[in-house]
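Below is one structure, written out as structure tokens; comments come after it.
The values are calculated or read from the model by the stated rules, or taken from the named source; none is laboratory data. Here the structure is a predicted model, which is why all the values come from computation and not from measurement. We place every Cβ from the backbone using ideal geometry, glycine too, and count neighbours over all the protein chains shown. Each accessible area value is taken on the protein alone, full model and side chains, heavy atoms only, with ligands, DNA and RNA left out. Shrake-Rupley method; radii C 1.70, N 1.55, O 1.52, S 1.80 Å.
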Amino acid sequence: MFLSIDAGNSNIVFGFYQEVSQSWIHECRIETTPDLSLLHIEKQLHLFFLENEIKPDQIQRIGFSSVVPDVNLIVEQFCRHYLGKPVFRVNAKRYKNLRVSTKNPNEIGSDLMCNVTAAYEKFGKSVIIVDFGTALTFTAVSDNGEILGVNIVPGLHTAVKALSMNTAKLPLVKLEFPKSALGTNTTESIQAGILYGYTGLVKGMLQAIEGELGFPSKIIATGGLSSILHTLKDRFDLVDRNLTLEGIRLITLANGK
């Protein structure tokens, strides 16, 4: 079994890939908090392992991507102490064996590089990856695997939190699609503004990027919130929640680990 760990600003995702079925069979999410401890991760994963009948010795290899430096040591300690396995960390030095390339390897987040690797492996041609995470990102890749550029926007949860934190009377609401673009109460009004607004944002951004590129591209959506904007489903060629996890796996294998 292969374990991919994706440490993001909102969650640390532990994804379990079974080689026999060639599929992602389990996923565990732990919130990324300032006071995150090794003990907390061990408790959460121990319970998760018991519930899903996973034994630590079933895990043969571990790949790790992180955009949160403060959690790196804790995650690596967990893998060594609890799982008894070394960790392969995805970083700019690891990209030379990949089919994709970037002019600025030290500037692009490892999560985006993992997305690009998995997306290009799927299609082998020009692709735009829309990642609905803490930040909403658009990454464009050419037919020959070169990363052409990245576009970064505040993510859905980030927008909702900012609205609540910076206003006196607007609450923090659930990201549920309302029935109308015009809300009849405060909660529906915020949901309508954010979700209908971001639907238009994504459509407009993709149109602008495709127009600038001047050639057609496959479009993949990923990220934990990729399914919320169901109004965009016809705009995507593929929705793959596990794209980052798959990219971590592929980059680890490409480096012989």
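Within the stretch 151-160, take every residue that is in contact with a strand residue (DSSP E or B) (Cβ under 6 Å, 6 or more places away or on another chain) and open to solvent by 40 Å² or more (accessible area, probe 1.4 Å) and give me the one that is nearest to Gly133 (Cα to Cα).
Checked the stretch 151-160; the qualifying residue nearest to Gly133 (Cα to Cα) is Ile152.
Consider Asp111 carefully, then state whether it is over 18 Å from Tyr17 (Cα atoms), in contact with a Gly (Cβ under 7 Å, 6 or more places away or on another chain) and among the acidic types (Asp, Glu). The answer is no for Asp111. Under the condition of being under 11 Å from the mean Cα position of the chain (by Cα) and of a type outside the set (Ser, Thr, Tyr), the residues counted in the stretch 133-163 number 3. The number of residues in the stretch 101-132 that are over 18 Å from the mean Cα position of the chain (by Cα) and open to solvent by less than 10 Å² (accessible area, probe 1.4 Å) comes to 1.
In this structure, does Ala192 turn out to be open to solvent by 40 Å² or more (accessible area, probe 1.4 Å) and either at pLDDT 90 or above or over 18 Å from Gly133 (Cβ atoms) (or both)? Taking the combined requirement at face value, the residue does not satisfy it. A count restricted to the stretch 229-240 and to residues that are within 22 Å of Ile25 (Cα to Cα) and touching a residue at least 24 places away in the same chain (Cβ under 8 Å) stands at 2. The set of residues in the stretch 5-41 that are under 12 Å from the mean Cα position of the chain (by Cα) and open to solvent by less than 20 Å² (accessible area, probe 1.4 Å) comprises Ile5, Ala7, Gly8, Ile12, Val13, Phe14, Gly15.
Among Leu148, Leu225, Leu206, Leu163, which is the only one that is part of a helix (DSSP H, G or I), of a type in the set (A, V, I, L, M) and either in contact (Cβ under 8 Å) with a residue 60 or more places away in the chain or buried (at least 18 other Cβ atoms within 10 Å of the Cβ) (or both)?
Only one candidate qualifies: Leu206.
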